[in-house]
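Undergrad: Here's a structure for you.
The values are calculated or read from the model by the stated rules, or taken from the named source; none is laboratory data. What you see is a predicted model; the values in this text were computed from it and never measured. Backbone-built Cβ (ideal geometry, glycine too); neighbour counts: all protein chains shown.
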Amino acid sequence: MSGSTSSAGAYRERNSTADRALDILMMFDETELVVSATAVAGRLGVARSTAYRYLQSLVTSRFLEEAPGGGFRLGLRVMEIARLARRSYGLPEIARPAMTALSERTGETVLLTRRVGDLVVCVETAESGHRAVRISYERGSSLPLNAGASALVLLAWSSPEEVNGLLRSAPLKRFTASTLVDVDALMERLETIRAAGYAISRAELDPDILGVGAPVRDDTGQVVAAVSVAALASRIAGEAEADIVGHVLAAAQDISDRMTVVAG
């Protein structure tokens, strides 16, 4: 019995030590790159000698290292873990939280798309479960080049010379009376989208669907994907459309920020 009690006490102590180690690591941010033993003691509410003992334990395990000018900075073990974390993330995983939030916020279906050569591919979808539009595109499905906010966003931030050649060599299908199949008209449309920072498509792919899309950028600022909302046009009035645009832009920025963190 005494051995069991001793083990439980040791477990609680290890738990407490781990919590305090995490508290120390959480002190670091963009404005706090080096921490002192005094600051740690104040944060933990312990004596400076106790704080220093925790710090030395983190130094031994390479989570921290002593900074040249005094104090402690993040160590190589943190960088190794960050590298492993980056390797475990793909674009869908990075985007999914923002896509889910966007779908719940708008009550609509959300798509994440990428361009692969002459194909626009759906790589992830999210639905709110309330009134989201049921669309036929699933992960891995190809979308047309010349119709829909998702595709137009990806083309708008691609090289104009490349896009012009791509559109002239690809068979452009007319899905509705609003679908653009004239290459010159499409190129002008892409310029407008680039200037606005987002794309809106109205009944261009499906007579009943309104699409709103925005670009997703990687850590270099290059557009690598598009996030878009597909909604029934009949239930989206002018003010609601503006709200959706704002939500889509915010989601695109959120995904871009997460990509920057993962790549950093």
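Undergrad: Would region 77-93 turn up any residue that is without any contact (Cβ under 8 Å) to a residue 60 or more places away in the chain, outside any helix (DSSP H, G or I) and closer than 30 Å to Leu145 by Cβ?
TA: Scanning region 77-93, I find at least one residue that is without any contact (Cβ under 8 Å) to a residue 60 or more places away in the chain, outside any helix (DSSP H, G or I) and closer than 30 Å to Leu145 by Cβ, so the answer is yes.
Undergrad: Shifting gears a bit: How do the strands (runs of 3 or more DSSP E) wholly within region 156-243 filter down when requiring 1 or more residues that are among the basic types (Lys, Arg), surrounded by 14 or more Cβ atoms within 10 Å (Cβ to Cβ) and assigned by TED's automatic domain parsing to the domain that holds Gly117: which remain?
TA: It comes to 199-202, 209-217.
Undergrad: Please tell me if Phe72 is at pLDDT 95 or above, among the aromatic types (Phe, Trp, Tyr) and closer than 30 Å to Arg258 by Cα.
TA: yes
Undergrad: If you check Leu55 against the conditions, is it touching a strand residue (DSSP E or B) at 6+ places or on another chain (Cβ under 6 Å) and either of a type in the set (Gly, Ala, Ser) or touching a residue at least 24 places away in the same chain (Cβ under 8 Å) (or both)?
TA: yes
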